[in-house]
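Here's the structure, in structure tokens; my notes come after.
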Amino acid sequence: MKLFRVGRTATALGVVAVSIALAACQGDGGDPTPQLTQVTDVAELGLPGVISVDHAFRLPAGVRVAHYGAHTDGARIVFGVDPPEGRPAAATGRYGIVTLSDARLTFRDASQAGALTDYLAIVAAADGSHLIRVEAVELPPAQCPDIPVTCYRWSITDELMTDGKPRVITTGDRPTAANEVPQPVANGSGVVWLTTDHGIAQVWAYQPGGEPRRIGTQMRPGILSATADQAWVGTPVDDAAIYRLPLSGAAAATRVALPPTAGLATVAGSRVAFRVDESPQSRALCVADLPDPRTCRKVFTAPDIYALYWLGPDALLVSAPDGYSLVRLDGTISRLPLDYLYLVHSDGGRLAFVEQLGDIQVLVVGHLES
């Protein structure tokens, strides 16, 4: 199973200049392509009225965003580039940066040959925006005989966005299964991530200019989220709890009980959202206030809920059998026409995501209407 895969649709969208497509295929290192084509009629994106589009750029034909999606710092939008089918394993991985002011796309190479560049986060620091990236290199099965699926060697880099000189800040010490490759989560001034070893998880925290440090003691793995001063790990349904870890030290995690059958718990601000399994055919999305979330408010129901993500203090993205929905805490539910593998990331109130329109992908930066 590949870690990074994108879906495809069949209908073509407009015409993209051949010169742009060729430049995109040839550009590497720090060489920018010509300006991207902007979507001037945002109605063709089919987005609900609750999302206001600030920028929308058609990517050149042949350039695919890795399925984790894109992030933005308000001046740029950054994404991992999905490798084309049949790409040699030793080829250099790439990631793309679009400057919003002039719509120019620049490709940068990964540090390691063959590295996939899916997971990333952006952190604002005193010297500018820092890009925190995960590079994952697929290993031959013989190097990880105890892992029944595709395995990877990973590292995490930090680079000041304006200079493009990555520094490796940590490296995995063993082959890792695809679902255990760390995913950095930004909390404003830094990032946190979770490593897993034989079913035991460890949370790490990092701020630009420092070094990664352990947070709390080892625990069961789960969904990682973060606020300004705390990390949170939502553990599996059979535990029905979320664990709080102060970022200030190595204290043991504090267990916060959730309603029975709760899972997929994730925190934003002073609220926690989670799925509750009401029956084998019914799931509910619940939102509760911290510090005591045992009483919750249902804001969405579906036959199943696969994943949920905060898009701000009062909105969530929910993945269900019929696709993605944007769920506001006031009860408003809006369908999002997203490819089933793409996420919407919220960075400081700005949304960054990918629209699949025919054979062309569109990078979108926007915000939720109040």
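The values are calculated or read from the model by the stated rules, or taken from the named source; none is laboratory data. Bear in mind the structure is a predicted one, so any value in this text is a computation, not a measurement. Cβ placement follows ideal geometry from the backbone for every residue including glycine, while neighbour counts extend to all protein chains displayed. The protein model used for the area step is the full one, side chains on, heavy atoms only, and it has no ligands, DNA or RNA in it. Shrake-Rupley method; radii C 1.70, N 1.55, O 1.52, S 1.80 Å.
Of the residues that make up the stretch 212-225, is at least one surrounded by 17 or more Cβ atoms within 10 Å (Cβ to Cβ) and either touching a residue at least 60 places away in the same chain (Cβ under 8 Å) or of a type in the set (Ser, Thr, Tyr) (or both)?
Here is the first cut: in the stretch 212-225, the ones surrounded by 17 or more Cβ atoms within 10 Å (Cβ to Cβ) are 212, 215-216, 219, 221-225.
From the residues that got through so far, the ones that are either touching a residue at least 60 places away in the same chain (Cβ under 8 Å) or of a type in the set (Ser, Thr, Tyr) (or both) too are 225.
Within the stretch 212-225, one or more residues are surrounded by 17 or more Cβ atoms within 10 Å (Cβ to Cβ) and either touching a residue at least 60 places away in the same chain (Cβ under 8 Å) or of a type in the set (Ser, Thr, Tyr) (or both).
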* Asked: Would you call THR117 in contact with a Lys or Arg (Cβ under 9 Å, 6 or more places away or on another chain) and under 27 Å from GLY348 (Cβ atoms)?
  -> yes
* Asked: Restricting attention to the stretch 20-33, does a residue exist that is at pLDDT 85 or above and outside any strand (DSSP E or B)?
  -> no
* Asked: For the stretch 320-349, how many residues meet the condition of being assigned to a strand (DSSP E or B) and either hydrophobic (A, V, I, L, M, F, W, C) or under 14 Å from the mean Cα position of the chain (by Cα) (or both)?
  -> 8
* Within the bounds of the stretch 82-102, is there any residue that is surrounded by 21 or more Cβ atoms within 10 Å (Cβ to Cβ) and either modelled with pLDDT under 65 or under 30 Å from THR332 (Cα atoms) (or both)? -> no
* Working carefully through the options GLY216, GLY263, find the one that is part of a strand (DSSP E or B), closer than 20 Å to LEU317 by Cβ and at pLDDT below 95. => GLY263
* Asked: Going through the stretch 124-164 one residue at a time, which ones are in a loop (DSSP other than H, G, I, E, B) and either closer than 30 Å to ARG350 by Cα or of a type in the set (Gly, Ala, Ser) (or both)?
  -> ALA126, ASP127, MET161, THR162, ASP163, GLY164
* Considering only residues that are small (Gly, Ala, Ser) and part of a strand (DSSP E or B), look in the stretch 107-123 and name the one that is nearest to ASN179 (Cα to Cα). => ALA115
* Asked: Quick one: is THR171 open to solvent by 50 Å² or more (accessible area, probe 1.4 Å) and without any contact (Cβ under 8 Å) to a residue 24 or more places away in the chain?
  -> yes
* To do: Enumerate the pairs (first residue in the stretch 56-79 and closer than 22 Å to TYR340 by Cβ; second residue anywhere and part of a loop (DSSP other than H, G, I, E, B) and aromatic (Phe, Trp, Tyr)) with beta-carbon separation below 8 Å, excluding pairs fewer than 6 apart on the same chain, so at least 6 apart or on different chains.
  => VAL65/TYR342; ALA66/PHE4; HIS67/PHE4; HIS67/TYR342; TYR68/PHE4; TYR68/TYR119; GLY69/TYR342
